[in-house]
Amino acid sequence: MNVNNNVNMKPFHTFGIDVPCDVLVEAATVDDLISAYRCPEWQELPKLVLGKGSNVLFTEPFHGVVVINKLLGKTVTTRDDFIYLTIAGGEDWPSLVEWTLEQGIPGLENLALIPGCAGSAPIQNIGAYGVEFKDICDYVEYLDLESLDIIRLSAQECLFGYRDSIFKNDLLGKVIITSIGLKLPSNWQPNFTYGPLKSEKDLLTTPYAVFEHVCDIRRSKLPDPNVTGNAGSFFKNPVITHENYMELQALYPDLNGFEVEGGVKIAAGWLIDRCGLKGHQIGGAQVHPQQALVIVNVDNATSNDVLELAWYVKHAVLDKYGVELEHEVRFFSATQETSLEIIFADRFQ
Ligand code: FAD
Ligand code: EPU
């Protein structure tokens, strides 16, 4: 277990903001995780497990122990008509997708190039280009931080939803995901439900062709965090009522929406874009000029620049469309998880 004190977390999260933590631990085994959580010296300190830090914003210095998941290992077995993968939580997701294709294992190609660890994928049920983690998940295993037992949940027990799971709700802060089990049909069935894939489907005849096409689309739209700091989509796509959708549609006929459980999902990127906010900048934080749903660190942004810009965007959308945006990015204050709403409620008091 590698331990360092007073660490600048800039290399450990993709927003690339200078922000320190008191202690940073790199855990390569489950025993390391247990040691970090049971260490008497750190007993009173808040703790936070991180994968690649590609969905987080530190709103201030973290006065606690950040534990980086470095659990590695993967196994493959074939049974009946399925390929089963067991992947340790610290494996890099985009590398895993490429590796499976190199091994001749199809099924993960739509989820190419999503930054992060395999063990983080279930948390918000990562999704892109018509596929979500829930579609390929067999089970998730976690370390229960109270009993220190390893517990396995079936995909169904994970209660996956759009950018949601049991790990963001009942099990929040109580577990560390140590491994995931994936179940992929041996007989490849391409998924072309996402429009831009469907229109190219005659050309996309192999898993690798789909992989490359998804990578091309992503590279053309999304900023590379190794070049420009960001955490992907900053907000979730909101789900509004049918009545609300009909009202907005009457006013803005080019607003698209699609039916989901509980209402109609509309594109937050479209709403932000139509507020004229592409390229809008506060300090070093900017609404990405190509993809309005992404906030980028263009010029040594501080956490506060990102917060001010996110608040501005949220209110511009609320004022124009009456639609409340909820951030997808997870916020952490000095000691615990927080949110845009909590931070600004405190500021306005
Ligand atoms: P982190 O950011 O390190 O952690 C995220 C949260 O999970 C934190 O609350 C953390 O405490 C918790 N956590 C991390 N590991 C564990 C663990 N082992 N056990 C328990 N809790 C844990 N997401 C999508 O769904 N679809 C996309 O298409 C997509 N595109 C993106 C593109 C870019 C350029 C970027 C920067 C991000 C994108 N994201 C996307 C968001 C991000 O890739 C995913 O949320 C990813 O799963 C985060 O993984 P991570 O390892 O970086 O998690
Ligand atoms: N749009 C605009 N202007 C913009 C951005 C988008 O008008 O600046 C419109 C597009 O034209 C399109 C619609 O909004 O009609 C949706 O855009 P896009 O297909 O780019 O997807 P998205 O809704 O912005 C979601 C996910 C992404 C995922 C892609 C592909 C969320 C919050 N985001 O983005 O996930 O990669 O679909 O499936 O659901 C992430 O979660 O971090 C992430 C990047």
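Observations, loosely collected:
- The mean sequence separation of alpha-carbon pairs under 8 Å and at least six residues apart, normalised by the residue count of the chain, gives a relative contact order of 17 percent.
- All other residues whose Cβ lies under 10 angstrom from that of ALA292 are scored, Lys and Arg at +1 and Asp and Glu at -1, for a net of +1.
- Rolling a 1.4 angstrom probe over the protein heavy atoms with all chains in place gives the stretch 74-221 an accessible area of 46 Å² per residue.
- Simple spin-label estimate for LEU318 and THR86 gives 4.8 nm between the two label positions (7 Å along the Cα-to-Cβ direction from each Cα).
- Taken one residue at a time, the phi angles of the stretch 161-177 give Karplus couplings (6.51, -1.76, 1.60, θ = phi - 60°) of x, 5, 6, 8, 6, 4, 6, 9, 10, 4, 9, 4, x, 9, 9, 10, 6 Hz. Gly and Pro are set to x.
- Sulfur and carbon atoms: percent of accessible area, the chain [1.4 Å]: 49
- For SER333, the residues 5 or more places off, or on other chains, whose built amide H falls under 5 Å of its own are THR59, THR338.
- The listed residues ILE180, ILE217, once ranked by accessible area (1.4 Å probe) with the largest placed first, stand as ILE217, ILE180.
- Karplus-based coupling profile of the stretch 190-197, in residue order and whole Hz: x, 10, 10, 5, 6, x, x, 7, with θ = phi - 60° in 6.51 cos²θ - 1.76 cosθ + 1.60 and x standing for Gly or Pro.
- Other-chain or far-sequence residues with amide H under 5 Å of PHE235's (modelled H): GLU328
- Rg(Cα) / (2.2 N^0.38 Å) computed for the chain, rounded to two decimals: 1.00
- Phi angles across the stretch 78-87 convert, under the Karplus curve 6.51 cos²θ - 1.76 cosθ + 1.60 with θ = phi - 60°, into 3J(HN,Hα) values of 10, 9, 6, 9, 10, 9, 10, 10, 10, 10 Hz, Gly and Pro given as x.
- Rolling a 1.4 angstrom probe over the protein heavy atoms with all chains in place gives the stretch 229-348 an accessible area of 46 Å² per residue.
- Once both labels are positioned 7 Å from their Cα atoms along Cα-to-Cβ, the gap between ASN169 and LYS10 label points is 4.0 nm.
- Those lysines that a straight Cα-Cα span of less than 27 Å connects to LYS221, excepting residues fewer than 8 apart in one chain: LYS10, LYS52, LYS134, LYS198, LYS201, LYS236, LYS265, LYS278, LYS314, LYS320
- Distance from the C-alpha centroid of the stretch 124-178 to that of the stretch 232-273: 27 Å, rounded to the whole angstrom.
- Cβ-based charge dipole, the stretch 141-249, positive-most Cα from LEU203, LEU248, SER186: LEU203
- Applying the criteria of a DSSP loop state and at most 10 other Cβ atoms within 10 Å to the GluC sites (Glu not before Pro) of the stretch 16-100 yields GLU44.
- DSSP beta bridge pairing in the chain, given as percent antiparallel to the nearest 5: 80
- Extension gain, TRP188 to TYR208: 0.36 nm times the residue separation minus the Cα-Cα distance gives 6.1 nm.
- In a simple Cβ point-charge model (Lys, Arg +1; Asp, Glu -1; nothing else charged), the chain has a dipole of about 420 debye relative to its Cα centre.
The values are calculated or read from the model by the stated rules, or taken from the named source; none is laboratory data. Fair warning: this is a prediction, and the values are worked out from it, not measured in the lab. Virtual Cβ from ideal backbone geometry, glycine too; neighbours counted across all protein chains shown. Calculation scope for accessible area: heavy atoms of the full protein, side chains included, ligands and nucleic acids excluded. Shrake-Rupley method; radii C 1.70, N 1.55, O 1.52, S 1.80 Å.
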